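Read the structure below first, then the notes.
The values are calculated or read from the model by the stated rules, or taken from the named source; none is laboratory data. Computed from a predicted structure; not experimentally measured. Cβ atoms come from the backbone with ideal geometry, glycine included; neighbour counts cover every protein chain shown.
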Amino acid sequence: MDPQMFQLVCFYAFAAVTVVAALGVVTLRNTVHAVLALVLTFFSTACIWLLAEAEFLAIALIVVYVGAVMVLFLFVVMMLDINQEHLREGFIKFLPVGIIVALIMLGEMLGLIGVRAMHQQVMGANPATVAGMSNTEWLGQALYTQFLLPFEIAALILTVGVVAAVVLTLRHRTGVRHQKASQQVLVNARDRIRVVKMAAVAPAAPQPAPGKETTP
């Protein structure tokens, strides 16, 4: 089989699996099954990125999302007692409205893709291939040389977002023990541990039982 034809067949296969798994995320009744379907969606998307020679994005998607975020989601879903019947109340009633909105969004996205495709110029060769490097090596070199300042700004924005999320979700509860690092650092070992010196005493010899004589 022609390599290009094989890649095309793999692309359609991975794309079909991605679409079916994404539909399973929003249609499955079991929350754990929905999370597993989302994991399959991410994994199929990573395979598509591998076909597009974007190895770094594929590896980052599997390691970060599939290996960390989705595992955390799965543990949270399995630990929480979620009432499925309460969450799905009114789902059928609003289903036609959701289908209409989804079709409108799909038409807008297809129209935007068509307009951009008509005015898009032919792209050149892959810059990583031209430079004789892998996609990951070229991306790292470009990110930390040409785009270092935008990368640092993005990291700062993400850090501020994480701190803001923690501050907004912080709730002071009564009866909950909290650790204070400043007080823990100032603790002196003498205030917590007391060393007691005791004289060593030899154990007493065992006494013979009454009615029994011991031989010298």
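Figures for the structure shown
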item: Extreme residue, farthest from F11 (Cα to Cα), among residues of the stretch 37-56 that are of a type in the set (A, V, I, L, M, F, W, C) and outside any helix (DSSP H, G or I); result: A54
item: Inter-residue pairs, beta-carbon under 7 Å, first free of Cβ contacts under 8 Å to residues at least 24 places away in the same chain and in the stretch 151-176, second part of a helix (DSSP H, G or I), 6+ apart; result: F151/L143
item: The one condition in (1) surrounded by 14 or more Cβ atoms within 10 Å (Cβ to Cβ); (2) under 30 Å from A128 (Cβ atoms); (3) modelled with pLDDT under 85 that A15 fails to fulfil; result: (3)
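Residue-wise test of (1) out of contact with any Lys or Arg (no Cβ under 7 Å at 6 or more places or on another chain); (2) closer than 28 Å to P127 by Cβ; (3) part of a helix (DSSP H, G or I); (4) at pLDDT 90 or above.
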| residue | (1), (2), (3), (4) |
| --- | --- |
| G24 | yes, no, yes, no |
| V35 | yes, no, yes, no |
| A58 | yes, yes, yes, no |
| E85 | yes, no, yes, no |
| E89 | yes, no, no, no |
